[in-house]
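Below is one structure; the comments refer to it alone.
The values are calculated or read from the model by the stated rules, or taken from the named source; none is laboratory data. All figures in this text were calculated on a predicted structure; none of them were measured in a lab. Cβ: placed from backbone, ideal geometry, glycine included. Neighbour counts: every protein chain shown.
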Amino acid sequence: MALNGDLATMSLEDIFQWLAVGKKTGVLELKGSMHTKRVAFHEGRITSIWSSDPREYLGQYLLAYNRISEDQLREALATQEDEQQLLGRILINRQLVTETEIRRIVQLKVEESIYDTFLWSVGSFEFQDGAESHQKSMLLSLDVTGIVLEGARRLDDWKRIRRIIKGGDAVLAPISEAIAERLPLTPEDADVLTRLDGFKPVDQLVLDMRMPEYKINKLLFDLHEKGLVRLLNPGGNLGENPSLQLQRARALVEKQKLQEAQEELRRILQDQPRHLDANKMMAVVQDLLEEKKLDQELVPELILSLDELMTTNLGPNEAFLASRVNGLWTIRDILSIAPFEPNECLGIFSKLLKRGILKATKPAQGGDQLGVQR
């Protein structure tokens, strides 16, 4: 038996409660404008989740909580590709984390991924009764009621937050005098405040700290309420929330109907030329249409100095990738630790190479470079 529909006509709260009360076993697939998630249930309790959003991979959470370094994650992912083991098991075997820590972070990852779906403005759902997730992961047994209550609370918070911080392009700055009167600060507040410079947008903070979008926005909103930060730019200039058109475009991309997806995206951008998600998807579609084959084994290097890079007009994702270029890691290495889609990463690298911000060389063999590509 399958239950399916639109999240606009049947809320997530109702869906989850129906699955819990009926003690259902199966897989709930949720499709948003940009990502897909599959929540596995056993007798009405949540056991695991799979997400297509790279920001919700286990490695990103371990980085966010400073349990491993980017280099350790890159090496563990390379081992995972060779040995087909769970990432958590590899890290435990290397004694980088304990099994207790992994279980705690996996549960946090599952909960945060579900809470995020409560903030979706559009989406669809389908429940396959009796289906198995076929996902290799640490299984949990989470009560639905608490998750539904927290998801509903966050949705209410999100509406209040968006009245002040209107989008990811918002910019805030610390108020030194007010901060001095509130010392000592909580570690989270102190960490966020040290990263605010009056120029960095919220989207950049989300990437830098690898925290869920809701959590960063809530921290900033609370700091604003306490009078510890001032709003320099409320944001909201990147377009409205993802529309049904964007969801249709994404479905077309999944079916490799790229020309049709491009037309759908053009219609969105005609009305909202700065729509963030539509522009991101358009870049991916154009990259696929042009069939660019960027060699992922190339080693990117910065052509600009760090001072020049700081004054270069880069978007949050471009700045993130550029900041990981160290002259040692290949493009493939950087893709493995980036919290966004590989196709988007490759498109960004292509643009940075064309703009003369990066150059790319073959990995050294015997100490010699085998050529340069631009």
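At-a-glance table
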| read-out | value |
| --- | --- |
| Close pairs from region 299-319: first under 17 Å from PRO342 (Cα atoms), partner part of a strand (DSSP E or B) and among the β-branched types (Val, Ile, Thr), Cβ under 6 Å, at least 6 apart | VAL299/THR361 |
| Selected residue (only one of LEU183, LEU142, LEU149 is more than 30 Å from ILE46 (Cα to Cα) and hydrophobic (A, V, I, L, M, F, W, C)) | LEU183 |
| Output for region 184-196, where each listed residue is without any contact (Cβ under 8 Å) to a residue 12 or more places away in the chain and under 29 Å from the mean Cα position of the chain (by Cα) | LEU185, THR186, PRO187, ALA190, THR194 |
| Single residue of region 35-54 satisfying the filter (crowded, with 17+ Cβ neighbours inside 10 Å and closer than 23 Å to ALA249 by Cα) that is farthest from the chain's Cα centre (by Cα) | ARG38 |
| Counted residues, region 115-138 - those being in a loop (DSSP other than H, G, I, E, B), charged (D, E, K, R) and either at positive phi or within 22 Å of the chain's Cα centre (by Cα) (or both) | 1 |
| Out of LEU219, LEU232, sole residue that is out of contact with any strand residue (DSSP E or B) (no Cβ under 7 Å at 6 or more places or on another chain) and under 23 Å from PRO316 (Cβ atoms) | LEU219 |
| Evaluation of VAL253 against (1) closer than 20 Å to TYR115 by Cα; (2) modelled with pLDDT under 90 (one fails), failing number | (1) |
| Residue in region 139-158 that is closer than 29 Å to ASP14 by Cα, free of Cβ contacts under 8 Å to residues at least 24 places away in the same chain, surrounded by fewer than 16 Cβ atoms within 10 Å (Cβ to Cβ) and not charged (D, E, K, R) present | yes |
| Residues of region 10-31 satisfying the condition of being surrounded by 19 or more Cβ atoms within 10 Å (Cβ to Cβ), out of contact with any Ser or Thr (no Cβ under 7 Å at 6 or more places or on another chain) and either modelled with pLDDT under 95 or charged (D, E, K, R) (or both) | LYS24 |
| Unique match (being more than 30 Å from GLU29 (Cβ to Cβ) and out of contact with any strand residue (DSSP E or B) (no Cβ under 6 Å at 6 or more places or on another chain)) among ALA190, ALA173 | ALA190 |
| Condition broken by GLU181, with the remaining ones in (1) under 18 Å from the mean Cα position of the chain (by Cα); (2) outside any loop (DSSP other than H, G, I, E, B) satisfied | (1) |
| Residue list for region 287-321, restricted to those being in a helix (DSSP H, G or I) and either at pLDDT 95 or above or closer than 29 Å to ALA261 by Cα (or both) | ASP287, LEU288, LEU289, GLU290, PRO316, ASN317, GLU318, ALA319, PHE320, LEU321 |
| Any chance VAL325 is under 28 Å from LYS200 (Cβ atoms) and at pLDDT below 85 | no |
| Options THR79, THR47, THR9: the member that is assigned by TED's automatic domain parsing to the domain that holds ASP143, part of a loop (DSSP other than H, G, I, E, B) and not aliphatic (A, V, I, L, M) | THR9 |
| Any chance GLN107 is under 20 Å from the mean Cα position of the chain (by Cα), assigned to a helix (DSSP H, G or I) and surrounded by fewer than 18 Cβ atoms within 10 Å (Cβ to Cβ) | yes |
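This table checks each residue for (1) outside the structural domain of GLY347 (by TED's automatic domain parsing); (2) more than 30 Å from GLN72 (Cα to Cα); (3) crowded, with 18+ Cβ neighbours inside 10 Å.
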position	(1), (2), (3)
ASP271	yes, yes, no
LEU276	yes, yes, yes
VAL285	yes, yes, yes
LEU304	no, no, no
GLY315	no, no, no
PHE320	no, no, yes
SER323	no, no, no
ILE334	no, no, yes
